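This report refers to the structure that appears directly beneath it.
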Amino acid sequence: MITDLNVSIQQLSFKNPVLTASGTFGYGIEFEYFIDINRLGGIIVKGTTGQHREGNRYPRMAETPSGMLNAVGLQNKGVDVFINDIYPKIQHYDTNIIVNVSGSSIEEYVAVAEKIDTLNQIPAIELNISCPNVKQGGMAFGTQCAAAEKVVRAVRDVYHKTLIVKLTPNVTNIAEIAQAVENGGADAVSLINTMLGMSIDAETRRPRLSTITGGLSGPAVKPVALRMVWQVYHAVKIPIIGLGGITSATDAIEFMLAGATAIEIGTANFLDPQITLKVIEGMENYCQRHHVEHIKDLTGALLIETNH
Amino acid sequence: MKKYVQDFTVIANEKVNSDYFMLTLQQEAPLPEIRAGQFVEVRIDQAPDTFLRRPISIHDVDFVQHQLRLLVKINGTGTKHLSRISNGTPLNLVYPLGNGFTLTTGRALLIGGGCGLAPLYYLAKQLKQNGASITTIIGTRCQSMLFGLDQFQSLGDVLVTTEDGSCGEQGFVTQHSIFQQIETFNFLYSCGPEPMMKAIAKVARQHQIPCEVSLENMMACGIGACLCCVTETNSGHQCVCTQGPVFNINDLKNY
Ligand SMILES: Cc1cc2nc3c(=O)[nH]c(=O)nc-3n(C[C@H](O)[C@H](O)[C@H](O)COP(=O)(O)OP(=O)(O)OC[C@H]3O[C@@H](n4cnc5c(N)ncnc54)[C@H](O)[C@@H]3O)c2cc1C
Ligand SMILES: Cc1cc2nc3c(=O)[nH]c(=O)nc-3n(C[C@H](O)[C@H](O)[C@H](O)COP(=O)(O)O)c2cc1C
Ligand code: FES
């Protein structure tokens with residue numbers, strides 16, 4: 001039996017459910033030495049804004065138990081440089097190249113989405129309303145239902161391909177936010193972005209990040225991410241892309257069982273630049289062992305005992 | 001330059017002094033081209049607190065026997081774990097990373113303190129091959145922390161400063177009397193604590209001598225993907241792991 005690894009998000013088809021998370025995989029080019037990019041289900045490139053952004057001051061990273069904090073702050077050269085200089089270098093990849101669209105105002109999100117809409121080889125955007133590392137905008141749009149719905153609707157009006165909206169875990173009720181985003185016209189949601197955290201050096205009595213607080217990622221956040229995917233799966237009809245702390249095929253399968261259609265791998269790319277391919281192979285292996293013909297059948301296939 | 005992720009085998013782990021140790025790693029396949037100043041990202045398995053890889057400079061390369069040597073200071077949990085690693089253990093490396101030093105053919109002055117000596121040995125060897133003449137200043141706290149004299153002496157002149165005066169001249173490296181004839185050198189290279197490199201940069205600028213320093217910013221990926229390791233340069237934030245770790249002082253904002 002050969003397992004069919006294909007999954008789809010509305011019209012968009014993926015050769016397997018494994019994508020790379022924004023901000024952890026550069027533009028794919030950085031990983032060409034280590035893997036064949038064309039074997040991935042998709043790559044989500046670095047957060048892209050209307051203008052060039054320098055990002056936050058160093059230090060931007062602190063290691064934490066089973067994870068890390070980052071405070072990069074959306075450093076990127078802006079959407080025009082992406083289109084003119086970077087896109088020509090990556091458009092030949094035979095995989096779904098998705099742009100993570102970020103901004104500080106509705107106008108900025110709309111302007112970036114409109115420009116990306118014109119690129120033939122970009123079949124989808126991931127709207128980042130969940131970055132904890134910028135002063136204005138970012139996460140502010142992702143923590144209130146009305147604001148989330150509004151920005152999604154504004155982008156939906158100008159963007160004609162697959163619109164994925166990335167949610168922040170820094171909310172009290174993730175299901176409500178997901179519903180607001182669905183109402184705004186999103187084709188799918190991805191979750192989670194990083195969790196707001198902090199690290200202190202007791203010896204120097206100083207915070208380890210220049211921004212004092214930053215975003216937590218890696219295995220430390222996995223149980224929270226899994227719980228949120230499960231909650232959102234029961235709250236919305238649109239597909240879910242699950243992420244947060246995935247470092248193995250087993251982790252990826254768990255996210256699918258909780259309700260994810262596809263998954264993203266982030267921080268684990270730093271530990272092993274070949275992890276994505278290992279996860280794809282491991283997922284295929286799991287399907288063989290469990291006699292799963294179509295991997296998409298795993299989505300939401302969690303078994304829960306009920307006492308009748 | 002192509003980068004690799006590969007398993008090496010630890011074939012020697014020697015204690016240098018109470019703070020430092022030297023690892024010799026080998027692999028079966030021939031090594032790729034490696035430039036002086038480049039580094040590896042080591043994965044430290046079985047160290048529960050060590051989540052990310054650790055960046056370590058390439059101290060020496062033996063292309064004939066397919067060996068790398070790393071000079072490491074015990075700094076925290078990860079390096080402590082590495083210091084206890086036994087022969088035969090596999091170590092996974094991503095390498096060779098970063099840009100590397102520019103090689104002069106003239107009179108080179110190498111200035112290192114502590115684990116800053118790590119990249120300077122392979123640099124000295126490469127410079128020698130390139131026809132340069134080499135003088136190295138090694139700075140340490142006291143005589144008991146001094147190491148590496150013989151290997152550098154086989155490549156050129158070696159000068160020593162110790163903070164307590166127990167060996168060589170007393171004081172910091174930048175106080176060594178050789179700095180009175182600094183204009184006789186064509187190129188300065190330095191790696192070590194930031195205040196030391198900044199002091200050297202100041203001298204280099206006064207005398208208009210080309211000078212490169214190697215930075216040790218905190219890194220998560222080592223391959224230009226996370227943008228965590230940036231330093232401020234004249235062209236904005238640049239990644240130390242790909243645009244560096246070696247920078248010409250004229251490109252750095254704070255030097
Ligand atoms: C390009 C580069 C080359 C390096 N080459 C060498 C080398 O050849 N030999 C060597 O001994 N060390 C080298 N270092 C420093 C080495 O990476 C750190 O000492 C090591 O990561 C500490 O890990 P740990 O788990 O032992 O310490 P941790 O427990 O993580 O931390 C202990 C202390 O080390 C500091 N530290 C952690 N990571 C770094 C880092 N990346 N750079 C500087 N300080 C850090 C922390 O701030 C903390 O105070 C290099 C660093 C870089 C960026
Ligand atoms: C260094 C770093 C940079 C990131 N940059 C972005 C970004 O630009 N846009 C975004 O939506 N998420 C960004 N993220 C969040 C990740 O895409 C992902 O949501 C998060 O890290 C959780 O997944 P993980 O545990 O697999 O890393 C970044 C994460 C890290 C560690
Ligand atoms: S350490 Fe990730 S970009 Fe330099």
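Structure notes:
- If both residues of a DSSP beta bridge must be in the stretch B:52-183, then about 15% of such bridges are antiparallel.
- Around the Cα centre of chain A, unit charges on the Cβ atoms of Lys, Arg, Asp and Glu (plus for the first two, minus for the last two) sum to a dipole of about 680 debye.
- Interface burial in the stretch B:44-67, defined as at least 30 Å² less accessible area with all protein chains than with the chain alone at a 1.4 Å probe, covers B:Phe51, B:Leu52, B:Arg53.
- Spatially proximal aspartates and glutamates relative to A:Lys77 (Cα-Cα < 17 Å; intrachain offsets below 8 disregarded): A:Glu30, A:Glu54, A:Asp85, A:Glu108, B:Glu232
- When the convex hull of its Cα atoms is projected in every direction, mean area for the protein assembly as shown (nm²): 28.1 nm²
- Remark on A:Asp4: its backbone amide H falls under 5 Å from those of A:His294, A:Ile295, a criterion applied only to residues 5 or more positions apart or on other chains, H modelled at 1.01 Å from N.
- Look at the stretch A:25-33: the mean tally of other chain Cβ atoms within 10 Å of its residues' Cβ atoms is 4.
- Cα lying deepest toward the dipole's positive end in chain A, options A:Ile212, A:Thr250, A:Asn173, charges on Cβ: A:Ile212
- Probe 1.4 Å - accessible area at A:Arg57, Å² to nearest ten: 150 Å²
- Shape of chain A, Cα gyration tensor, a/c cut at 1.5: rounded
- Residue-span extension gain [A:His290 to A:Ser13] - 0.36 nm each, minus C-alpha spacing: 97.4 nm
- Options A:Gly41, B:Gln175, B:Met196, ranked by Cα towards positive dipole end of the protein assembly as shown, top entry (Cβ charges): B:Gln175
- GNM flexibility winner over chain A from A:Tyr159, A:Tyr58, A:Tyr87 (Cα, springs under 10 Å): A:Tyr58
- Within chain B, the longest run free of GluC sites (Glu not before Pro) that sit in a DSSP loop with at most 16 other Cβ atoms within 10 Å is B:34-162.
- Around the amide H of B:Asp60, modelled in the peptide plane, lie the amide H atoms of B:Arg69, all under 5 Å away and 5 or more residues distant in sequence or on another chain.
- Under a Gaussian network description of chain A, with springs only between Cα atoms under 10 Å, the residue in A:Pro273, A:Pro223, A:Pro132 that fluctuates furthest is A:Pro223.
- Nearest-20 debye value, chain B charge dipole, Cβ charges on Lys, Arg, Asp, Glu: 260 debye
- The accessible surface of the protein assembly as shown, taken with every protein chain in place and a 1.4 Å probe, is 48 percent carbon and sulfur.
- Bridgeable lysines around A:Lys237 (alpha carbons under 18 Å apart, same-chain partners fewer than 8 residues away excluded): A:Lys166, A:Lys296.
- Within a Gaussian network of chain A (alpha carbon springs, distance under 10 Å), most fluctuating of A:Ala235, A:Ala188, A:Ala225: A:Ala235
- Between the stretch A:148-164 and the stretch A:1-70, the alpha-carbon center distance in angstrom: 21 Å
- Candidate cross-link partners of B:Lys73 among the lysines, defined by an alpha-carbon separation under 29 Å and a same-chain spacing of 8 or more, comprise B:Lys2, B:Lys3, B:Lys15, B:Lys125, B:Lys128, B:Lys198, B:Lys202, B:Lys253.
- Heavy-atom accessible area, probed at 1.4 angstrom with all protein chains present, ranks A:Glu203, A:Glu176 as A:Glu203, A:Glu176, highest first.
- Cβ charges +1 (Lys, Arg) and -1 (Asp, Glu), total dipole of the protein assembly as shown, debye: 720 debye
- Kyte-Doolittle mean at least 1.6, axial Cα span of 18 Å or more - DSSP H helices of chain A: none
- For the stretch A:7-298, the solvent-accessible area of protein heavy atoms averages 38 Å² per residue (probe radius 1.4 Å; ligands and nucleic acids excluded).
- Farthest positive-ward along the stretch B:37-131 dipole, Cα basis, beta-carbon charges - from B:Leu127, B:Thr89, B:Phe39: B:Leu127
- The chymotrypsin sites (Phe, Trp or Tyr not before Pro) of the stretch B:1-69 that DSSP puts in a loop, and whose beta carbon has at most 15 other beta carbons within 10 Å, are B:Phe63.
- Adding -39500 (n - 2.57) for every DSSP H run of four residues or longer, then dividing by how many residues chain A holds, sets the calculated 222 nm ellipticity at -8000 deg cm²/dmol.
- Here is how the number arises for chain B: DSSP H runs of 4 or more residues each give -39500 (n - 2.57), the sum is divided by the residue count, and the result at 222 nm is -4500 deg cm²/dmol.
- Restricting attention to chain A, close to 40% of DSSP beta bridges with both partner residues there are antiparallel.
- Of the trypsin sites (Lys or Arg not before Pro) found in the stretch B:185-255, the ones in coil according to DSSP and having at most 15 other Cβ atoms within 10 Å of their Cβ are B:Lys253.
- Remark: accessible surface ordering of B:Val16, A:Val171 (largest first) is B:Val16, A:Val171, probe radius 1.4 Å.
- Pairwise label distance in nanometres, A:Thr204 with A:Met1, each label 7 Å out on the Cα-Cβ vector: 5.6 nm
The values are calculated or read from the model by the stated rules, or taken from the named source; none is laboratory data. From a predicted model like this one, the values you see are computed outputs, not experimental measurements. Here Cβ is always computed from backbone atoms with ideal geometry, including for glycine, and neighbour counts include all displayed protein chains. Quick note on the areas: whole protein, heavy atoms, side chains included, nothing else; ligands and nucleic acids left out. Shrake-Rupley method; radii C 1.70, N 1.55, O 1.52, S 1.80 Å.
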